[in-house]
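These notes concern the structure reproduced below.
The values are calculated or read from the model by the stated rules, or taken from the named source; none is laboratory data. Keep in mind that this is a model prediction, so the values were computed, not measured. So basically every Cβ, Gly included, is an ideal-geometry build from the backbone, and we count neighbours across all protein chains shown. Surface areas here come from the heavy atoms of the whole protein model, side chains and all, with no ligands, DNA or RNA. Shrake-Rupley method; radii C 1.70, N 1.55, O 1.52, S 1.80 Å.
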Amino acid sequence: MSDPDRPLPRLAMLRAMTDRAVLDQVFARNRTTRAELAATTGISKPTISESVRRLETAGALRATGADQTGRRGRIATFYELAADAGRVVAAEVNQQGIRTVTTDLTGTVLATERHAPGRRPVAAAVRAAVTAASAAGPGPVRATAISVANPVDPVAHQVVTLPGSPFPEGTLRAGEIGPDVLLDNDVNFSALAERREGAGRGAKSFAYVYVGAGLGVSLYVGEHLIRGAHGLAGEIGYLDSAGRTLADALAGQGFGRADAPSLDVGALLSTLDTAAAGDAGAIERLRLLGATLGRAVAAICTIVDPDLVVLGGPAGSRAGLVTEIRRTVSAAAPGPVRVTAGEVTDSAALRGALLSALDHGRDRLVEAVAES
């Protein structure tokens, strides 16, 4: 015999969809009324009122008082996200250490921290950094997203250590850090940031090419990120280039580090700066660099035919390199493709991790309301 007080699955789904629509407006507007919610969502006023009541009872929303609506004699109650509705944490792990940001579910920053590289195991260091970040602000941590410089197996949710990788994550696993942890590659998170807030907005498909200490590509086809069976899609540093890997070819051009198997970002940026100043030798080195990378990008275009190629990373988004890569791609790719610099330049990986954490954290809040 069914429980008459338990909502049917379809009714529960509709309630959750309504609650998410209401919360999405609160996330975007910070403070709103039931009338505004009905107008912006297209959902009936009685349904909105029931959702607001449900969210308020569950502790997700709180009334912030009444105010004039602009109509004569009309007073409306405003609602905003409850202070203890929850938080999210995003972390970026790379050769420079660990950087974290904690926000509430509207995306308002509560705290940021930087942790220099240390000798302790990376898993322990990341766990400690995330634990410290989780203490900023009231309410539960609804989701944590961690960006790493190595690929991540999409099934095992653990870092895949590649041959010769200079990056420090080792065998980091999402489960080692805590519950509701999203672990992904920095290039994938950077591509998400560009897709949502940068140069990839509106593109039906685009390839994000990262040029920095490492090389990588993320490919979006519609809403779908192509990861590969083992999370290794886009590891272009291992592409063959005249009998050696692309990374080795660039190292042979003077862009490799002597103390680590990675590209020398300082050398890349120095070449770009001196070429921009008109130095003939630097201009020649830049053209060779752009042609080498451009051939790899053209190969990507030949295989997947994206609408757009977005160049990112500390060197990839620089104007001089964008111009040279665009020149080679225009000559070598079989069809037309736009090549442009990324627009999310302040740690795109961390920004993408935060966007992912917010998506999942908001979903967890809706689930918590449904379970209350």
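Helix-only mean residue ellipticity at 222 nm, the chain, DSSP H runs n ≥ 4 weighted -39,500 (n - 2.57), per residue, nearest 500. What is it?
Values: 12 runs with 155 residues, N = 372.
Only helices count here, giving -13000 deg cm²/dmol.
Above 37 angstrom, tally the Cα pairs of the chain and express them as a % of all pairs, no decimals.
Details: 21442 of 69006 pairs.
Result: 31 percent of Cα pairs exceed 37 Å.
On average, how much accessible surface per residue is there in the chain, in Å², for a 1.4 Å probe, leaving out ligands, DNA and RNA?
Numbers: 18050 Å² over 372 residues.
Here the residues of the chain average 49 Å² of exposed surface.
Where the centre of each part is set by its Cα atoms, how far does region 211-289 sit from region 35-60, in angstrom?
Centre-to-centre distance over Cα atoms comes out at 50 Å.
With all protein chains present, how much of the accessible area of region 233-368 (probe radius 1.4 Å) comes from carbon and sulfur, to the nearest whole percent? The partial results should precede the final answer.
Numbers: 3140 of 6040 Å².
Roughly 52 percent, rounded to a whole number.
Of Leu263, Ala341, Thr302, whose Cα points farthest to the positive end of the dipole of the chain (charges on the beta-carbon: +1 Lys, Arg; -1 Asp, Glu; origin at the Cα centre)?
Value computed over the given set: Ala341.
Ignoring ligands, DNA and RNA, what percent of the accessible area of region 136-215 is carbon or sulfur (1.4 Å)?
Working: 1490 of 2830 Å².
C and S atoms contribute 53 percent here.
For region 126-192, evaluate the Debye formula with one uniform point scatterer on each Cα (no solvent term) and list log10 I(q)/I(0) at q = 0.14, 0.20, 0.21, 0.28 Å⁻¹, rounded to two decimals.
Each listed q corresponds, in turn, to -0.43, -0.83, -0.89, -1.31.
Can you compute the FRET efficiency between Glu56 and Glu343 using 1/(1 + (r/R0)^6), with r the Cβ-Cβ distance and R0 = 51 Å? Round to the nearest 0.05.
Numbers: r = 38 Å, r/R0 = 0.75.
Calculated transfer efficiency: 0.85.
Compute the long axis of helix 9-29 from its Cα atoms, compare it with the longest principal axis of the Cα atoms of the chain, and write down the angle in degrees, 0 to 90, nearest 10.
Around 70 degrees separate the two axes.
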